[in-house]
Amino acid sequence: MPIPLVNSIASWFLKKRFHQMELFLKYPNEVQLELLHVLLDMAKSTEIGKTYDFATINNYEIFKERVPIRSYEDYEAMIERSRLGEHNIFWPTPIKWFAKSSGTTSAKSKFIPVSEESLEDCHFAAGKDLLCMYLNNNEDSKLFTGKSLRLGGSKELYKENGTSFGDLSAIIIDNMPFWAEFSSTPSNEVSLMSDWEFKMQAIVNETIQENVTSLAGVPSWMLVLLNQVLETTGEESLFEVWNNLEVYFHGGVNFAPYRDQYDKILPKSSFKYYEIYNASEGFFAIQDHNDSSELLLMLDYGIFYEFIPMDSYGTNNEKVIPLSEVEIGKNYAVIITTNAGLWRYKIGDTVRFTSISPYRIKVSGRTKHHINVFGEELIIENAEEALRKTTRSTNSEIVDYTVAPIFMKEKEKGAHEWIIEFKKRPNCIKEFTNILDQNLQQANSDYEAKRYNNTTLNLLQIREARQHLFYDWLKKNNKLGGQHKIPRLSNKRTYIEELIELNQVSSIGSIIK
């Protein structure tokens, strides 16, 4: 199909969709409340709907008082019954798919329900919206002259008791419309390979033959793949491999620590980066402008949002608020109610609002991945902003890192211990340490106060990781793949102790070369 015609069709769809988006842009809180009533009405005859008498909930305050906030552990028994084929437990339509995810907090697998409604009205709808927004902002785009290189954590779907489970990307690929498969690379056969290391080279071999115009995947794993592409082809720039490459759609982890490395292998000022915010539980927000660091919160994907200010999270004074009460600049834990039957569910992410008209956010971290042992309230957003500034000023590059507290002992003060794997080592680790510490103090006033004259915290310590340490840790824990992430910050030393021990031994598996 000629590109002008494809763009015309996309433009028509875009205009139609924009009329729908205008509704939640102009009346966001009304749209959210109406959505809540729709979800309650749909599920009033389910087991959970009868338990909390959804039929008599006619406003948000009653919903908030009657329905408890839940974690995955609270849902696990019901989800297991649903996986065994039982219906109408927490959602009225049969749940056919479960997205298997262990996240970064536990080796134990989670099985997130994916309904027909959430697949079509959330995940697939978001994919279309992302393309439409991009084309609207880049009218001269030649995106459809080639294919999108997608890198998920895909493994084959496993079927049991009439239901299927696997990575969300595998569920999406398995249900993808033919036109989307035609416009993507690698093939489904390669995408669904279970051996991650073998699959990466297979992806390289297949995609370097294609006309790739866009990339989509988690930054850390995509960077491994793209470096392997350059090593295989002998080229220095990805534009020498794919000369029509124009945009990278990324999400899953903070892009800031990787940006400079991407700029080196994608050395064109016209190249675009577009961020998304999604998870197994749903698709939440999309960057809707070029060169923006903010994400538009999508309010009509079948997800009702609530938030807990992080200064009250987990305390006796914990406060839950609707979207209409959020404030710019505050850090919030995200609570969702979805069209897959997750009711007031804690997804474990934190966000900060940058605008309330319309509602735009930045993902600031994870509720469990922060350090607050000494009152320093260090979150991932602080750590990665400081790290980005430090690597730039020291002309260094990192592969991965994690941070944990060094607990006080007798008269010794506490500190933070960083274990960092460098791709390009700084000339002086001592200088790197001091600059990183200063940048952390600039990013976080609580950390600065605890560091003042070493009042509570001593200077941070950096332990250099051997080459491939984090890759080997993921491999040892059976977490290789695009949907698995390194735990960045922790109040405990569990992760860092495992990494320190592994750092003393030789690589247990070759990283992708």
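Partner aspartates and glutamates whose Cα lies under 16 Å from the Cα of K272, excluding those fewer than 8 positions away in the same chain, are identified as E139, D140, E246, D260, D263, D288, D291, E294. Only lysines eight or more places from K430 in sequence, or on another chain, were considered; those with a Cα closer than 17 Å are K389.
Cross-link partners for K411 among the lysines, with Cα-Cα distance under 23 Å and sequence neighbours closer than 8 places in the same chain left out: K450, K492. Distance between the 7 Å Cα→Cβ label points at I356 and H87: 4.4 nm.
Rg/Rh for the chain stands at 0.95; both radii use Cα atoms, and Rh follows the Kirkwood definition.
Computed on the chain, with alpha-carbon pairs under 8 angstrom and 6+ residues apart, the relative contact order is 14 percent. Computed extension length for F198-L230: 9.8 nm, one decimal, from 0.36 nm per residue of separation with the Cα-Cα distance subtracted.
Among the helices of the chain, those built from whole DSSP H runs whose Cα atoms reach 27 Å or more along their own axis and whose mean Kyte-Doolittle hydropathy is at least -0.5 are 3-26.
Given a cut-off of under 8 Å on Cα pairs at least six residues apart, what relative contact order in percent is computed for the range 258-397? Relative contact order for the range 258-397 comes out at 15 percent.
Spacing of the modelled spin labels on E431 and S237, each 7 Å from Cα toward Cβ, amounts to 3.0 nm.
Output the direction-averaged projected area (hull surface divided by four) of the convex hull of the alpha-carbon atoms of the range 26-85, in nm². Display every interim value, and only then the final one.
Details: hull surface 20.0 nm².
Over all viewing directions, the range 26-85 projects a mean Cα-hull area of 5.0 nm².
Here the range 386-415 is scanned for amide nitrogen atoms under 17 Å from the site 7 Å beyond the Cα of N454 along Cα-to-Cβ, giving 406-415.
Candidates Q461, S214, N244 compared by Cα position along the dipole of the chain: farthest toward the positive end lies Q461, with charges placed on Cβ. Note on the range 150-281: Kirkwood radius taken over Cα pairs, Stokes-Einstein applied at 4 °C and 1.567 mPa s, translational D equal to 83 µm² s⁻¹. The stretch between Y27 and K264 holds 81.1 nm of extra length on full extension. This uses 0.36 nm per residue minus the Cα-Cα distance. Annotation for the range 404-480 versus the range 192-262: alpha-carbon center distance of 29 Å. Would you mind checking K199/K423; K147/K199; K346/K424; K100/K413 for any pair whose Cα atoms are more than 30 angstrom apart? Distance filter (> 30 Å) returns K346/K424; K100/K413.
Can you pull the percent of the range 302-356's accessible area that's carbon plus sulfur, 1.4 Å probe, other chains left in place? Carbon and sulfur atoms account for 42 percent of the accessible area of the range 302-356.
The values are calculated or read from the model by the stated rules, or taken from the named source; none is laboratory data. Please read all numbers here as calculations on a predicted model, not as lab measurements. Because the Cβ atoms are built from the backbone with ideal geometry, glycine has one as well, and the counts that use them run over all protein chains shown. Ligands, DNA and RNA are excluded from the accessible area calculation, which covers all protein heavy atoms including side chains. Shrake-Rupley method; radii C 1.70, N 1.55, O 1.52, S 1.80 Å.
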